[in-house]
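One structure, as C-alpha cells, below. Some questions next.
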Amino acid sequence: MPADLTDYVVPDVPKAELHVHLEGTARPDLIRRLAARNKVAIPDGTFEDEDTFRWRDFLDFLNTYDLAASVIRTAADYRDVVYEYLVACAAEGTRYVELISSPDHARAVGLTEAEHRAGIFQGIDDARAQTGIEGRILVSIVRNFGVEAAERTAQEAADNPHEYVVGFNMAGDEAGFPPPDFTRAFAIAHDAGLGCTCHAGEHAGPESVRAALQLPGVVRLSHGVRAIEDPDLVRELAERQIVLEVCPTSNVALGVYATYADHPLPALMAAGVPVTLASDDPPYFGATIGGEYGVARAHFGLDDEQLVAITATALGAAFVDDQTRAALLNGLHNRPLGL
Ligand code: ADE
Ligand code: ZN
C-alpha cells in the first residue's frame, strides 16, 4: 500500500473483518516483546530489519509466518496478540473481527488447545471490555501440515464447542495441496455446526475454487478472487451468493496481481458476487483493515454507502450467533452521523 494510504482508514465507515490470521496479526515489535518475555531467540530469517518481516514469495512467506509464530508460546502471549490486534482494529472503527486461529501452531510450541483457547478468549474479552469490539474465532487447518493433522484438529474443534469458536477454514499452500484430501476434515467441522470457509483462488485458479466449493459446508471463500478467470464460475458465485473475503493489499503484496488497478474486486462486485474486505496478515503486507477500506475508496472508487454495504455483507456472512449479528447490524444501520 502506498505510504499516503496507510493512515487513510475511512474513519466515518464502520468496518468488519472476516479474514485475518491470528499469528499473522502480531507486528515485529510484539514478536520481539514475546521472544524477550519467553527468553527465546527469534529464528534467523524472520526479519528484514527492525520493523519488517522478511519474505520473498508466497511459500517463503508461509515459512516466515511459522518462524514468527514459534515465539508465541503461552496463553498470555495469545491473549496479548488478540487483544493488541482487536484494540488496533477498534481504533480504526471496526465493530467485528473473525480471527483465523491455528491449533497446529499452538501445538507446535507445546500448548494444549485448552491453554491456546483460554488466551484467545481472554484477549477477546479484554478488547471488548475496553473498546466494545466483538471478536470470534475460526479454527484453521493448514494444508501443508497434512491430512492427519487436519482431521485431528477438526475433530478436536468438533468435540469442544464454545460460543466464540464459530467457524472452520483451511489455509496454507493452495497450489500444492488441493481440497479433495480435506473433505473428511470439513465434514467433521460442518457436522459439528461450524461455519465453513476455505482459502481458494489466491495461488491457484478457478479449478481450485470449484474444488473448495465441493467441500462440505463451504459458504464463503478466503480470497476467491481468481474465480474471475472463469465467467461461468463468477456466475455461479453470484447465483449462490458465495461471499468472498477479499484482501486486495495482500494480493498485490504477494504478486497475485501486479497493481490495485489489475485487481478484480470491482469486476466481481459488478457481476453480483458478494464481497467483504480484509487484511489477511496485516504487518507482513503493510495492511490494516481500515487501510483496506481506504484502498477500496481510493483505488476502486467505492463511496461511503458502498463501503457500509460491504460491512453489512460481512456482518450478514459472519459465523457469529444470530442475536449478536442482529445487534451488530442494528448498530450499523442506526449509527449517529459520522460513526
Ligand atoms: N496463512 C497465512 N496467510 C495465508 C494466506 N494469505 N494464504 C494462505 N495461507 C495463509
Ligand atoms: Zn488468508
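Looking at the range 157-184, which of its residues are over 14 Å from Ser102 (Cα atoms), in a helix (DSSP H, G or I) and among the hydrophobic types (A, V, I, L, M, F, W, C)?
Once the filter is applied, which keeps residues that are over 14 Å from Ser102 (Cα atoms), in a helix (DSSP H, G or I) and among the hydrophobic types (A, V, I, L, M, F, W, C), the range 157-184 yields Ala158, Phe182.
Same structure, new question: Which of the residues that make up the range 206-218 are crowded, with 17+ Cβ neighbours inside 10 Å and either within 16 Å of ligand 1 (Cβ to nearest atom) or not charged (D, E, K, R) (or both)?
Pro206, Ser208, Val209, Ala211, Ala212, Leu213, Leu215, Gly217, Val218
Also, I was wondering about something else. Checking the condition within 23 Å of Glu239 (Cβ to Cβ) and within 16 Å of ligand 2 (Cβ to nearest atom), which residue from Ala314, Ala287, Ala318 passes?
After applying the criteria, what remains is Ala314.
Those residues that are touching a Pro at 6+ places or on another chain (Cβ under 7 Å) and away from ligand 1 (no atom under 15 Å from the Cβ), I need them from the range 153-182; list them, please.
Glu156
Can I ask one more? Looking only at residues that are part of a strand (DSSP E or B) and either of a type in the set (Lys, Arg) or within 21 Å of Leu213 (Cα to Cα) (or both) in the range 118-156, which one is farthest from ligand 2 (Cβ to nearest atom)?
So the residue we want is Arg136.
Follow-up. Would you point out the residue of the range 276-301, among those that are more than 16 Å from ligand 1 (Cβ to nearest atom) and surrounded by fewer than 22 Cβ atoms within 10 Å (Cβ to Cβ), that is nearest to Ile228 (Cα to Cα)?
If we take residues in the range 276-301 being more than 16 Å from ligand 1 (Cβ to nearest atom) and surrounded by fewer than 22 Cβ atoms within 10 Å (Cβ to Cβ), then Phe300 is nearest to Ile228 (Cα to Cα).
While we're looking at this one, here's another question. Which one is farthest from Ser279 (Cα to Cα), of the residues in the range 220-252 that are within 14 Å of ligand 1 (Cβ to nearest atom), β-branched (Val, Ile, Thr) and not in a strand (DSSP E or B)?
Restricting to residues being within 14 Å of ligand 1 (Cβ to nearest atom), β-branched (Val, Ile, Thr) and not in a strand (DSSP E or B), the top hit is Val225.
Condition check: in contact with a Pro (Cβ under 8 Å, 6 or more places away or on another chain) and either under 10 Å from Tyr78 (Cβ atoms) or within 16 Å of ligand 2 (Cβ to nearest atom) (or both). Does Val97 satisfy that?
Against the criterion (in contact with a Pro (Cβ under 8 Å, 6 or more places away or on another chain) and either under 10 Å from Tyr78 (Cβ atoms) or within 16 Å of ligand 2 (Cβ to nearest atom) (or both)), Val97 does not qualify.
For the range 251-274, which positions are of a type in the set (Val, Ile, Thr), more than 27 Å from Val81 (Cβ to Cβ) and touching a strand residue (DSSP E or B) at 6+ places or on another chain (Cβ under 9 Å)?
Residue satisfying the conditions is Val273 alone.
Also: With respect to Gly167, determine if the residue is more than 15 Å from the chain's Cα centre (by Cα) and among the small types (Gly, Ala, Ser).
Taking the combined requirement at face value, the residue does not satisfy it.
Sort out which residues of the range 239-265 are within 19 Å of Leu307 (Cα to Cα) and exposed (fewer than 15 other Cβ atoms within 10 Å of the Cβ), and write them in order of number.
If the condition is that a residue be within 19 Å of Leu307 (Cα to Cα) and exposed (fewer than 15 other Cβ atoms within 10 Å of the Cβ), then Gln241, Ala261 are the ones that fit.
Quick check on my filter: what residues within the range 54-71 are more than 18 Å from the chain's Cα centre (by Cα) and of a type in the set (A, V, I, L, M, F, W, C)?
Trp55, Leu67, Val71
Just a yes or no: is a residue in the range 107-116 within 16 Å of ligand 1 (Cβ to nearest atom) and of a type outside the set (Gly, Ala, Ser)?
No, the conditions are met nowhere in the range 107-116.
None of the figures in this text is laboratory data; all of them are computed from the coordinates on show. It should be emphasised that the depicted structure is a prediction, and the values quoted were computed from it without experimental measurement. All Cβ positions, glycine included, derive from the backbone under ideal geometry; neighbour counts span all protein chains shown.
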